[in-house]
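**Student:** Could you have a look at this structure, given as structure tokens, before my questions?
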Amino acid sequence: MPTPTTPAEASPTRLLLPEKVELVFTAELLNSLQNPHASEHSNSQHLHQLVKLIDSQLATDFWLNIDVCVLVRVRAWAIEQLLLYIWKPHSGHPGISLIAAGGFGRGELHPHSDIDLLILLADGVELKTDEIEVFIRALWDAGFYPGHSVRTVSQCIADASEDVQFVTNLMEARIIDGDENLYQQLKAGIAAAEIWSADTFFAAKMHEQTSRHEKYFDTAFNLEPNIKESPGGLRDLQMIKWVTQRHFNTLTLHGLLEHNFLQQDEFQRLLECRNFIWRVRYALHLLAGRAEDRLTFEYQRQIADKFGYTDKSNNLAVEQFMQVYYRNALRVERMNERLLQLFREELILDYEQDTVVILDQQFQTRQGYLEIRHAEVFTRRPSALLELFLALQKHPEIKGIRATTIRAIRNHLYLIDDKFRADAQNYSIFMQLLSQQQGIYTQFKRMNRYGVLESFIPAFGKIAGRMQYDLFHVYSVDQHTLFVIRNLRRFAYGQYRQRFPHGQAVYQRIPQANILYLAAFFHDIAKGRGGDHSTLGAIDADDFCRQAGLDSSSRKLVVWLVRNHLLMSTTAQRRDISDETVLKEFNLKVPSRERLDALYLLTMADIAATSPKLWNGWKDSLLWQLYRATVDRIKNNQYSHSRSEFLANVSARVSDGSPVSELAVEFWASIPDKHLQRLSVDQLAWATTQVTAANDAVGVIAIRPQAKKDHSEVLIHWPDYQGLFASVIQVFDQMRLNILNARVLTTANDYGFELFQISNTQNQCLSERDAERLQGYLHTALHKRQWIPQPKQKQPSKFRYFDDQPEVFFEKLEDQNLTRLELACLDQPGLLAHLSALFTEQNLILEDARIATFGHRVEDSFLLRNADNQALNQQQQNTLQQAINQLLAEWD
């Protein structure tokens, strides 16, 4: 395909498309569209068909791998020719110019990009409103997406002087038609010599970029990144261009080469990253059929397929594609940081006194920024590639790294070779980096950005930019790992105490924090290799610890933590941690307080670093309950108390020293021992107060907030009937409430005793109003003593991209006459309500439920018995499994 002429050229351009279809954009062709006898509607219809034909041909070219740079410029040129035709009635009017801005001003249009236009007027010139409306309506009718404004030159200059975004938009403006002198007045009025000098413009744009990055958690490695606004996206590239243009008055990135801000190979890499992201954006627009910049699950898989990626045994096609995207985004981040640092030094620091402070033989600071003292620092002493970050930790007053030193780091990464990795001194420096009082997360983040981590520990390079195709892990593996370290640092500082109320107290018990950080660094390092990543990661950790010369005790702790980093999370969230057998089993695996403290902190940091929304008060309470119970076992070798001891504690809560009422004693006597031990003292005390206060009422429905734990508790004490649990669950489902946990039993006097922990859609406790509504709905449902199976809700659109097969597992608990049902499957809306209906239909009695959701997947556990108060026999298990499989299949 030939390169199109620029908009300023008058000669026609022929677009040669692969299907041999020709579109000739000549004045003759455009004039033929305006038949003097045709209606305005017919004319717009012709234009609309032409736009569709242009986009169809360009889409065909794109999927045939025609250079995307050609396509975005061809489209901008083609659209401009049509726009000139629509504008023709206004062409030649004195004091009026039609100006292209934004991406259209740059001559770059993706399939559904907005067409930003400015109708520029000379001061004193007025354009009738109806004339503007006719022009804009014609654009919409033709299938354009115009964004327009009408301003005089004076208005533009005044607005630009107040708004850095507006002046940025005008900087990229170019004239399409009209008064050239008017356009030149505008350009002169917004020049750096008049408003927004290069240094003030730079400072404002830096603030703008920082604020934008914060919206995306300051990382390019989000699960569904915004390829335009996220760190490492197109805005970061445009930021470089804007500052370059303002400072050097150059219109393209090539100005960075001309002014020696970039070397040729760096400039080429920058263009390669831009072109890759352009390809992704072009594909997004085509697949979405609209302007779309969010690389959502829906499109990640489609683009991976379109780009030719194929599934491998341990690496899905979509994961391969996203890893390439993340690595390009990281390169853009690196280039953005270094170039903006260069501009900072030239635009701001040049005006300050040149102060140099020597730190040691390798490093010094200049105007507060770290730099190497001479060009051969790294070649003479390769270990300085690690020592540089140690210097930054030891001198927190340093503002950052000078751009020339950032480039030197990148250019000398080849020195981190096998010899470097065999040098014990470098392992010592690495452990020192993990042992400082400050700057651990900040410097490890820098080391990752500059490629030092993956060079020194090649296994880390394999997880760099690696995503996991699920809704649970919202960051790439390397970013998640760094966030785990950041969370551990927050525990050290006592930050976010409301979110992690016990973090600092437990952290202060850790004798060697660097060992904990090292375990965090290795805990997910084997993701994506196939096999158990915990086991494989433990092997890597063991090798590293031996090379680093760690003592046997420290090495074993690191290896144990990596191998068992999921143990506490799975136990707390998927098992009944009030069960003595579960606690004993956990204690056998975590036999010492030292290991328990470290595992508790690592588990908290790990969960909280998986997703910004995953950690909440409920998970905190589960982990803390397991932690405290295990501490008791370690100290006293005993957890459970006798029934009399337990009830004595409850009595102290409810009676304030006075004799306990007969109703309370009767209530306690109705609860079997095995169920009593599953309740906390606080829960039974609350239930006792509610039941005794109700006296002769039919039953009790009570709700209390547990705000610090981000949930509400619901107590049901009601005359039992077949379907009681199903009735309650369906009310929860109708109100879109999340069920976190359920305790279900039948008392000796045939009352259903059910205790639920629930949260609202924001994963918080219920408001007072919602609690009142829930109580009313429950009263109505339970008085009717019936449950009505609800129709299945539509599966969330994101879930259809996951093909997880359901897993159903049964385990007989002979000593308790119970069967444990474990179900892992997609988290379908209303799933628990439909399961409870199944249990009722098959005359099964639920005694306990553990509900755990991990992104798009649930892993629930139920304790069931049959109508004969026995564990389910094989036939009953088979019947239930068939019913569950059929239920889940109906959602597909």
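**Student:** Can you name every residue in region 623-632 that is open to solvent by 10 Å² or more (accessible area, probe 1.4 Å) and under 35 Å from the mean Cα position of the chain (by Cα)?
**Tutor:** W624, Q625, R628
**Student:** Which of the residues spanning region 811-853 are out of contact with any Ser or Thr (no Cβ under 9 Å at 6 or more places or on another chain), open to solvent by 20 Å² or more (accessible area, probe 1.4 Å) and assigned to a strand (DSSP E or B)?
**Tutor:** T853
**Student:** A further question on this structure: Examine region 569-583 for a residue that is over 30 Å from N760 (Cβ atoms) and touching a residue at least 40 places away in the same chain (Cβ under 8 Å), and state whether such a residue exists.
**Tutor:** Step one: list which residues in region 569-583 are over 30 Å from N760 (Cβ atoms), which gives 580-581, 583.
In the following step, the residues that additionally are touching a residue at least 40 places away in the same chain (Cβ under 8 Å) were identified as 580, 583.
Taking every residue of region 569-583 in turn, at least one turns out to be over 30 Å from N760 (Cβ atoms) and touching a residue at least 40 places away in the same chain (Cβ under 8 Å).
**Student:** Hey, another quick one. Taking the criterion of being of a type in the set (D, E, K, R), in contact with a helix residue (DSSP H, G or I) (Cβ under 9 Å, 6 or more places away or on another chain) and open to solvent by 50 Å² or more (accessible area, probe 1.4 Å), would at least one residue in region 575-583 satisfy it?
**Tutor:** yes
**Student:** Test of understanding: among R338, R327, R334, which residue is of a type outside the set (D, E), open to solvent by 60 Å² or more (accessible area, probe 1.4 Å) and assigned to a helix (DSSP H, G or I)? Show your work before the answer.
**Tutor:** Working: R338 fails: open to solvent by 60 Å² or more (accessible area, probe 1.4 Å); R334 fails: open to solvent by 60 Å² or more (accessible area, probe 1.4 Å).
Exactly one residue qualifies, and that residue is R327.
**Student:** What number goes with the only condition from (1) in a loop (DSSP other than H, G, I, E, B); (2) under 42 Å from the mean Cα position of the chain (by Cα) that D123 does not pass?
**Tutor:** Going through the list (1) in a loop (DSSP other than H, G, I, E, B); (2) under 42 Å from the mean Cα position of the chain (by Cα), D123 breaks only (2).
**Student:** Here's another thing I want to ask about it. Could you check, for region 749-760, whether at least one of its residues is surrounded by 15 or more Cβ atoms within 10 Å (Cβ to Cβ), under 32 Å from the mean Cα position of the chain (by Cα) and either in a loop (DSSP other than H, G, I, E, B) or at pLDDT below 90 (or both)?
**Tutor:** Initial filter on region 749-760 (surrounded by 15 or more Cβ atoms within 10 Å (Cβ to Cβ)): 751-760.
Next, only the ones that are under 32 Å from the mean Cα position of the chain (by Cα) stay: 756-760.
From what is left, the residues that are either in a loop (DSSP other than H, G, I, E, B) or at pLDDT below 90 (or both) are 760.
Looking for residues that are surrounded by 15 or more Cβ atoms within 10 Å (Cβ to Cβ), under 32 Å from the mean Cα position of the chain (by Cα) and either in a loop (DSSP other than H, G, I, E, B) or at pLDDT below 90 (or both), one finds at least one in region 749-760, hence yes.
**Student:** Just the residues that are in a loop (DSSP other than H, G, I, E, B), β-branched (V, I, T) and closer than 28 Å to Y145 by Cα, please, taken from region 290-324. Steps first, please.
**Tutor:** Going through region 290-324, the residues in a loop (DSSP other than H, G, I, E, B) turn out to be 290-293, 295-296, 307-311, 313-314, 316.
Next cut, β-branched (V, I, T) only: 296, 310.
Selection gives T296 alone.
**Student:** I need the full set of residues from region 220-233 which are at negative phi and either open to solvent by less than 10 Å² (accessible area, probe 1.4 Å) or hydroxyl-bearing (S, T, Y) (or both), in order please.
**Tutor:** Here is the first cut: in region 220-233, the residues at negative phi are 220-231, 233.
Hits for region 220-233 are A220, F221, P225, I227, S230, P231, G233.
**Student:** Being of a type in the set (G, A, S) and over 30 Å from Y493 (Cα atoms): is that true of A384 here?
**Tutor:** Taking the combined requirement at face value, the residue does not satisfy it.
**Student:** Out of all the residues in region 146-178, which are open to solvent by 50 Å² or more (accessible area, probe 1.4 Å), over 35 Å from the mean Cα position of the chain (by Cα) and under 21 Å from S91 (Cα atoms)?
**Tutor:** Within region 146-178, V150, R151 meet the criteria.
**Student:** Can you tell me how many residues in region 205-234 are outside any loop (DSSP other than H, G, I, E, B) and over 19 Å from I157 (Cα atoms)? Walk me through it before giving the result.
**Tutor:** Kept after step one, since they are outside any loop (DSSP other than H, G, I, E, B), are these residues of region 205-234: 205-215, 222, 226, 234.
Keeping just the survivors that are over 19 Å from I157 (Cα atoms) gives 206-215, 222, 226, 234.
Within region 205-234, residues that are outside any loop (DSSP other than H, G, I, E, B) and over 19 Å from I157 (Cα atoms) number 13.
Residue by residue, here is whether (1) among the aliphatic types (A, V, I, L, M); (2) open to solvent by less than 50 Å² (accessible area, probe 1.4 Å); (3) more than 22 Å from E345 (Cα to Cα) holds:
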residue: L386; (1), (2), (3): yes, yes, yes
residue: F389; (1), (2), (3): no, yes, no
residue: A403; (1), (2), (3): yes, yes, no
residue: A422; (1), (2), (3): yes, no, yes
residue: L433; (1), (2), (3): yes, yes, yes
residue: Q436; (1), (2), (3): no, yes, yes
residue: Y441; (1), (2), (3): no, yes, yes
residue: F444; (1), (2), (3): no, yes, yes
residue: L453; (1), (2), (3): yes, yes, yes
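**Student:** Quick check on region 633-673: of everything there that is surrounded by 15 or more Cβ atoms within 10 Å (Cβ to Cβ) and closer than 13 Å to S578 by Cβ, which residue is modelled with the highest pLDDT?
**Tutor:** Taking the candidates together, the pick is F646.
**Student:** Scan region 594-616 for residues that are open to solvent by 10 Å² or more (accessible area, probe 1.4 Å) and not polar (S, T, N, Q) and jot them down.
**Tutor:** E594, R595, D606, I607, A608, P612, K613, L614, W615
**Student:** Could you give every pair whose Cβ atoms fall below 6 Å, whose first residue belongs to region 521-549 and is more than 21 Å from L434 (Cα to Cα), and whose second residue is part of a helix (DSSP H, G or I), counting only separations of at least 6 or pairs across chains?
**Tutor:** K527/I463; K527/V477; K527/H533; R529/L536; S534/R563
**Student:** If a residue must be in a helix (DSSP H, G or I) and either small (G, A, S) or modelled with pLDDT under 90 (or both), how many such residues does region 457-501 contain? Let's see the steps before the verdict.
**Tutor:** We begin by selecting, within region 457-501, every residue in a helix (DSSP H, G or I); these are 458-463, 477-493.
In the following step, the residues that additionally are either small (G, A, S) or modelled with pLDDT under 90 (or both) were identified as 459, 461, 492.
The number of residues fulfilling the criteria is 3.
**Student:** Can you name the residue in region 711-726 that is part of a strand (DSSP E or B) and open to solvent by 10 Å² or more (accessible area, probe 1.4 Å) and, of all such residues, is nearest to H783 (Cα to Cα)? Step through it out loud before you land on a result.
**Tutor:** Step one: list which residues in region 711-726 are part of a strand (DSSP E or B), which gives 711-719.
From what is left, the residues that are open to solvent by 10 Å² or more (accessible area, probe 1.4 Å) are 717, 719.
On the way: H717: 13, P719: 10 Å.
Across region 711-726, the extreme among qualifying residues is P719.
**Student:** Determine, yes or no, whether R743 is under 30 Å from P659 (Cβ atoms), without any contact (Cβ under 8 Å) to a residue 60 or more places away in the chain and in contact with a helix residue (DSSP H, G or I) (Cβ under 9 Å, 6 or more places away or on another chain).
**Tutor:** On the way: under 30 Å from P659 (Cβ atoms): yes; without any contact (Cβ under 8 Å) to a residue 60 or more places away in the chain: no; in contact with a helix residue (DSSP H, G or I) (Cβ under 9 Å, 6 or more places away or on another chain): yes.
When the stated conditions are applied, R743 does not pass them.
**Student:** Can you spot a residue in region 189-204 that is among the aromatic types (F, W, Y), outside any helix (DSSP H, G or I) and open to solvent by less than 20 Å² (accessible area, probe 1.4 Å)? Lay out the reasoning, then the answer.
**Tutor:** Residues of region 189-204 among the aromatic types (F, W, Y): 196, 201-202.
Now narrow it down to the ones that are outside any helix (DSSP H, G or I): 196.
With the extra rule that they be open to solvent by less than 20 Å² (accessible area, probe 1.4 Å), the set shrinks to none.
Within region 189-204, none of the residues are among the aromatic types (F, W, Y), outside any helix (DSSP H, G or I) and open to solvent by less than 20 Å² (accessible area, probe 1.4 Å).
**Student:** For region 43-65, name all the residues that are open to solvent by less than 50 Å² (accessible area, probe 1.4 Å) and over 27 Å from A173 (Cβ atoms). Reasoning before the result, please.
**Tutor:** Residues of region 43-65 that are open to solvent by less than 50 Å² (accessible area, probe 1.4 Å), as a first pass: 43-44, 47, 50-51, 54-55, 57-62.
If the condition is that a residue be open to solvent by less than 50 Å² (accessible area, probe 1.4 Å) and over 27 Å from A173 (Cβ atoms), then N43, Q57, A59, T60, D61, F62 are the ones that fit.
The values are calculated or read from the model by the stated rules, or taken from the named source; none is laboratory data. In this text, all values refer to a predicted model and were calculated from it rather than measured experimentally. Don't worry about glycine lacking a Cβ; one is built from the backbone with ideal geometry, like all the others, and counts go over all protein chains shown. For the accessible areas, the whole protein counts, side chains as well, though only heavy atoms, and no ligand, DNA or RNA atoms are used. Shrake-Rupley method; radii C 1.70, N 1.55, O 1.52, S 1.80 Å.
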